Amino acid sequence: MKTKKNLAVAFVFLVSVVSFAQKKSMTVGNAKMDATKNIIQNLEASKEFSSIGKVFVAAEFKDLLSDNNEEFTILAPTNTALANSSKEKINNLLEPVNMFHAKDVAAYHIIRGKWYATDFGRLLRTKGTPEIKTANGEILIVSFENGSLYLTDKNGNKAKLIITDAIQSNGILHGIDNVFSPNK
């Protein structure tokens, strides 16, 4: 009887250790997202999301998104999404003369606080329009189509959450397949 109890305790301990280990890092694209590192550190190390990391730096958000005293949710367009964007060309956003525009674009991809994919789902189940406010005050509409979560900006740019819940030391990162834009 005592052996079964010890085995049960050992099993619970093992499951806890494995669960914790899985939460510490997550492979996103070709790079690991390390839950002990902040948003900027993970974006800079990522082969899939480094371009939006550069936009955050150009927008002077590096210190903000490196701060472990605040939590953010990042809606990170893939490098491919940024490269294919007809409105927001990465090279233009990185130019010092375009810093204010880079701030607008970058802030459109930041939500204050931690928003897991399940939180977006919960928002869909509430009454009214499922809206979420970005750091620049813009509204994104949450929708669920064909088994996937989508966010749509005021200009109709629709982005699918292609990677969800990549834990950072100061928030959550969701990979998206499009770019939100304050421009028409």
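Per residue, the accessible area of segment 41-102 comes to 51 Å², computed with a 1.4 Å probe over protein heavy atoms only. Solvent-accessible surface of segment 105-184, averaged per residue with a 1.4 angstrom probe and all protein chains in place: 45 square angstrom. Please report the carbon-and-sulfur percent of the accessible area for segment 82-184; probe 1.4 Å, protein heavy atoms only, DNA, RNA and ligands left out. Carbon with sulfur: 50 percent of the solvent-accessible area. Between Val97 and Asn155, the FRET efficiency from the beta-carbon distance, with R0 = 30 Å, is close to 0.80.
Taken about its Cα centre, segment 30-184 carries a charge dipole of roughly 360 debye when the Cβ of each Lys and Arg holds +1 and the Cβ of each Asp and Glu holds -1. When DSSP beta bridges are limited to those with both residues in segment 54-184, what percentage is antiparallel, rounded to the nearest 5? Percentage antiparallel, nearest 5: 75.
The values are calculated or read from the model by the stated rules, or taken from the named source; none is laboratory data. Quick caveat, the model's predicted, so the values are computed rather than measured. FYI the Cβ positions are ideal-geometry reconstructions off the backbone, even for glycines, and counts take in every protein chain you see. Heads up: the accessible areas ignore ligands, DNA and RNA and are worked out on the full protein's heavy atoms, side chains in. Shrake-Rupley method; radii C 1.70, N 1.55, O 1.52, S 1.80 Å.
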